[in-house]
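The values are calculated or read from the model by the stated rules, or taken from the named source; none is laboratory data. Note that the coordinates shown come from a computational prediction; the quantities given were computed from them, not determined experimentally. Cβ atoms come from the backbone with ideal geometry, glycine included; neighbour counts cover every protein chain shown.
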Amino acid sequence: METLDEFDDNAPTSVGDLTKPLQRGGLRSQVSQRLAIAIFARRFQPGEKLTVQPLAEQFGVSRTPVREALMELESLGMVDVLPHKGVRVREFGPQEARDLCQVRKILELEAIRCACGTIPREQLLTLQHDLKQVIAAEPSMISSKETRRIDAQLHGTIAFYCQNRRLKEEIARYSTIYKALSDAYYLELQSTERFVRREENLEHLAIIEALLAEDREASQQALAKHLDTWLADYVAERFGESNSA
């Protein structure tokens, strides 16, 4: 299945598992992802200094991928590189979460508008089949890993087939921060009964069915509802606030 993003099967399974061994290849992106998850999971506090050598030792890599990862996180607004002061973690509160998700919504609504009618039907049917199996499971048996895999494949497929190279590249650039935000959120909720929302799977199904019908307006509406609901849940759970504008 062709997609822009693939689910990271080597991703941490707990907040305390952020230093599990990295896979060979793509060290910069893996370090970026782990650091971003740690920031969102509050392993690093706003204003805390991040130093290259200790991080390299922690991840078992050379200094180069750590430097590159910090530069990437700076470009995404997650850290500040200050002259003579090093790298500092930036504040991330409810407004920053809303701002980030607004950018994601703008990019992905345009992507799904462009991709609607171009995604191979076989790919959509495979996702639909997998999703229905997850939905049919008993609530206590719903796999968060499978839900997240389908989520990554669905959003990645939409971006892959958007037929706009620059839009695809911009979505890919932001994918590190989106994935980290989602991973940190689920890791924090893993011990609660709301770890996997059944509604999230139903929202994914509505998106797929609209794409199968090649209905651009319905596809955009279903995706917008999904992103808005996720943001509202995140802000409420993480910061104890309602997602009011």
Mind checking which pairs have a first residue in region 167-180 that is in contact (Cβ under 8 Å) with a residue 12 or more places away in the chain and a second that is outside any helix (DSSP H, G or I) and among the charged types (D, E, K, R), Cβ under 8 Å, 6 or more apart or different chains? 172/5; 175/5; 179/5; 179/8
Among the numbered criteria (1) assigned by TED's automatic domain parsing to the domain that holds residue 234; (2) under 20 Å from residue 183 (Cα atoms); (3) under 17 Å from the mean Cα position of the chain (by Cα), which one does residue 134 miss? (3)
Long-range neighbours under 8 Å by Cβ, at least six apart or interchain, first residue at positive phi within region 113-131, second of a type in the set (D, E, K, R) and assigned to a loop (DSSP other than H, G, I, E, B): 117/214
Look through region 225-245, keep the residues that are modelled with pLDDT of 90 or more and touching a Lys or Arg at 6+ places or on another chain (Cβ under 8 Å), and return whichever of them is nearest to residue 112 (Cα to Cα). 227
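Would you call residue 107 under 21 Å from the mean Cα position of the chain (by Cα), modelled with pLDDT of 95 or more, assigned by TED's automatic domain parsing to the domain that holds residue 173 and surrounded by 14 or more Cβ atoms within 10 Å (Cβ to Cβ)?
Working: under 21 Å from the mean Cα position of the chain (by Cα): yes; modelled with pLDDT of 95 or more: yes; assigned by TED's automatic domain parsing to the domain that holds residue 173: yes; surrounded by 14 or more Cβ atoms within 10 Å (Cβ to Cβ): yes.
For residue 107, the condition - under 21 Å from the mean Cα position of the chain (by Cα), modelled with pLDDT of 95 or more, assigned by TED's automatic domain parsing to the domain that holds residue 173 and surrounded by 14 or more Cβ atoms within 10 Å (Cβ to Cβ) - is met.
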